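Structure first, commentary second.
The values are calculated or read from the model by the stated rules, or taken from the named source; none is laboratory data. Being a predicted model, the structure only gives us computed values, none of them experimental. Don't worry about glycine lacking a Cβ; one is built from the backbone with ideal geometry, like all the others, and counts go over all protein chains shown. Just the protein is used for accessible areas: all its heavy atoms, side chains included, with ligands, DNA and RNA removed. Shrake-Rupley method; radii C 1.70, N 1.55, O 1.52, S 1.80 Å.
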Amino acid sequence: ELANKAEKGETSKGLIFKKQKAGDVEGYFVSGMGECTDTVVIIPNEYEGLKVIGIAANAFKKSDVAITQVYIPDSITSLKHHAFAGCASLEYVKIPDTVTDMGSNTFEGCESLKQVYIGKGITEIPQNAFNGCKSLEAALLADTNVTKVGNSAFYGCTSLTGLTVPDSVTSMGGYAFQNCTYLKNVTF
């Protein structure tokens with residue numbers, strides 16, 4: 001539904017954008033909420049004629065707006081550190097397959113985050129990526145290309161009950177599932 005709205009141009013207005021490069025590609029990164037008051041944030045594919053290619057460090061960190069959902073378009077390749085940290089009302093996130101770079105602490109402290117879909121472009125769940133996401137029930141890793149799970153990646157995810165770790169994972173950081181008090185089943 002959000003993808004359909006984005007295609008029709010029904011994207012969030014008032015977001016702050018900054019021109020940057022991701023690798024060799026120049027485009028825009030979302031760098032803050034600005035004047036936007038949407039609780040469902042729909043990031044556009046383009047801004048001022050260039051693709052929106054990333055979400056900057058701290059872009060939505062502890063936003064004053066109670067963001068519940070974020071639509072991340074396929075143009076995005078990079079989520080920088082702390083991009084959504086402290087968004088306490090955020091409930092669901094789908095990281096598209098185009099995202100290949102995910103910074104540390106990306107969703108740290110997103111206490112209401114219940115489900116996250118991790119796209120096939122992600123090869124590393126960085127340290128503290130979901131630390132303190134106490135409502136996280138499902139982290140869909142089974143069909144991913146993740147090779148490394150960083151230190152404390154899912155630390156304190158007290159609602160996580162089961163997880164399938166794909167064959168591609170060759171490295172698991174310390175305390176990756178520390179204080180996941182309801183974790184009953186991990187399939188390797």
Count charges around S168 for me, please; just the other residues with Cβ under 13 Å from its Cβ, Lys/Arg as +1, Asp/Glu as -1.
-1
What does the helix-only formula give at 222 nm for the chain: each DSSP H stretch with n ≥ 4 adding -39500 (n - 2.57), the total divided by the residues, and the result rounded to the nearest 500 deg cm²/dmol?
-500 deg cm²/dmol
Taking the Cα atoms of segment 32-94, report the difference between the largest and smallest coordinate on each principal axis, in whole Å and largest first.
31, 22, 21
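Could you provide, to the nearest whole Å², the per residue accessible area of segment 25-159 with probe 1.4 Å? Don't jump to the answer; show the numbers that get you there.
On the way: 5250 Å² over 135 residues.
Here the residues of segment 25-159 average 39 Å² of exposed surface.
Counting only protein heavy atoms, what percent of the accessible surface of segment 81-175 is carbon or sulfur at a 1.4 Å probe?
42 percent
Would you work out if segment 8-139 is rounded, prolate or oblate? Take a ≥ b ≥ c from the square roots of the eigenvalues of the alpha-carbon gyration tensor; rounded if a/c is under 1.5, else prolate when a/b is larger than b/c, oblate otherwise.
Numbers: a/c = 1.68, a/b = 1.23, b/c = 1.37.
Oblate.
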Sort 142-149, 104-111, 14-21 for me by packing, meaning the mean count of neighbouring Cβ atoms within 10 Å per residue, highest on top.
104-111, 142-149, 14-21
Dipole size in debye (nearest 20) for the chain around its Cα centre, Lys and Arg Cβ +1, Asp and Glu Cβ -1?
340 debye
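Packing-wise, with mean Cβ within 10 Å as the measure, how do 25-36, 1-12 rank, highest first? Don't skip to the end; give the middle numbers.
Working: 25-36: 18.4, 1-12: 13.8.
Put in order of decreasing packing, that is 25-36, 1-12.
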Between A22 and residues 5 or more places away or on another chain, which pairs have amide H atoms under 5 Å apart, with H built 1.01 Å from N, and which residues are they?
G27
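Whole number please: convex hull volume per residue of the Cα set in segment 66-188, in Å³? Let's see the in-between values first.
Details: hull volume 9.2 nm³, N = 123.
In segment 66-188, the Cα hull volume divided by residue count equals 75 Å³.
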Determine the principal axes of the Cα atoms in segment 79-122, then give the extent along each, sorted from largest to smallest and rounded to whole angstroms.
26, 19, 8
If the elastic network links every pair of Cα atoms under 10 Å, which of D74, D38, D167 fluctuates the most in the Gaussian network model of the chain?
D167
